[in-house]
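Working notes for the structure below.
The values are calculated or read from the model by the stated rules, or taken from the named source; none is laboratory data. Just so it is clear, the structure is predicted and the values come from calculations on it, not from any experiment. All Cβ positions, even for glycine, are placed from backbone atoms using ideal geometry, and neighbour counts span all protein chains on display.
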Amino acid sequence: MTYWQRRGQAQRLRGIALESVLPLCGARRDCQDPRKWRTPEGVLSVNGPKFMNWNCARGGGGAIDLVMQLQHLDFKAAVDWLAEHFPGVVPEPVVAPTLRPSLRLPAPDPNQLRRVRQYLVDQRALAPALLEPLIQSGTLYADARANAVFLLLGKENLPVAAELRGTTARPWRGLAAGSQKDLGCFAVPLPPCSNLPNAASPIILCESAIDALSCFALHPHCRCFSTAGARADPLWLKPLLDQAGPIYCGFDADPTGDHMAAAMIALHPAIKRLRPPAHDWNDVLMHEQI
């Protein structure tokens, strides 16, 4: 990105409404005074693009200043943070399609599928009957490194990303190269599904595919989705909010999960928190198998 492109990007990001940024920084609006926000750094007064932190007597103007103060970032890091969380604000440069890598899914290796099945069943307590429909559809497969590959599906049920989970002695997790996880998700059960749950069933958002599978095993009347990491506002969330069924944020019971769940609920008050009774849903499932 050239200097002028970077400058234009910063100008557009600086103009993002502070009320949109604050929930993503863990802030909550004061119930008595809508111009005040309670943040981990103290109480802020917001007046248009201006803000003032009365606890440390520091103020600023614009979204970049706000993120620098609340997230403890320098200018460049704050611009990158805003660009990641508000991708629609900054138009992609003309050259972006050539710069953005296309999705490169690891090739399936049927010889490693037994290892992946064994890991998910024996070490993750997932029932074979829950895994087989995913394997048959190709939504779950094994690659040459014995990673479990979970596809995230977007429009027309086409892959847009993939979660990778190592199944060997060395724990490992990641995403396939070129993954665009904002364009789709991993869902249980597979769409379309003639059995329960139906389109109006409760929805539970989880942090990973294994957690979504575990959550569905524990709550088979629900539909369970993976956000592929704790994120407050994935782009595919909006269509779900328009449906009749209730939505719960089932992120992990840890500071990151609690923080991002609070940010999601601040942005979408209809969503309720469903905190796992253990660290995550797979821990709950494994504990119930003991």
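Residues ALA217, ALA232, ALA261: which one is small (Gly, Ala, Ser) and farther than 19 Å from GLU163 by Cβ?
On the way: ALA217 fails: farther than 19 Å from GLU163 by Cβ; ALA232 fails: farther than 19 Å from GLU163 by Cβ.
It is ALA261.
Could you tell me whether any residue of region 275-290 is surrounded by fewer than 22 Cβ atoms within 10 Å (Cβ to Cβ), in contact with a His (Cβ under 9 Å, 6 or more places away or on another chain) and either in a helix (DSSP H, G or I) or assigned by TED's automatic domain parsing to the domain that holds LEU235 (or both)?
Yes, because at least one residue in region 275-290 is surrounded by fewer than 22 Cβ atoms within 10 Å (Cβ to Cβ), in contact with a His (Cβ under 9 Å, 6 or more places away or on another chain) and either in a helix (DSSP H, G or I) or assigned by TED's automatic domain parsing to the domain that holds LEU235 (or both).
Looking at VAL149, is it within 22 Å of the chain's Cα centre (by Cα), of a type in the set (Val, Ile, Thr) and closer than 13 Å to PRO106 by Cβ?
yes
When only residues in region 213-232 that are buried (at least 19 other Cβ atoms within 10 Å of the Cβ) and touching a residue at least 60 places away in the same chain (Cβ under 8 Å) count, which is farthest from LEU131 (Cα to Cα)?
Only one residue fits best here, namely ALA232.
Would you check which residues across region 158-175 are assigned to a loop (DSSP other than H, G, I, E, B), closer than 12 Å to ARG145 by Cβ and among the small types (Gly, Ala, Ser) and list them?
GLY166
Do we find a residue being in contact with a Phe, Trp or Tyr (Cβ under 7 Å, 6 or more places away or on another chain), surrounded by 17 or more Cβ atoms within 10 Å (Cβ to Cβ) and modelled with pLDDT of 95 or more anywhere in region 257-269?
no
Exactly one condition in (1) part of a helix (DSSP H, G or I); (2) among the polar types (S, T, N, Q); (3) loosely packed, with under 15 Cβ neighbours inside 10 Å is not met by GLN243; state its number.
GLN243 satisfies every listed condition except (1).
Given region 62-116, what helices (runs of 4 or more DSSP H) lie entirely inside it while holding 1 or more residues that are over 30 Å from ILE135 (Cα atoms) and at pLDDT 90 or above?
Those helices (runs of 4 or more DSSP H) span 63-71, 75-85.
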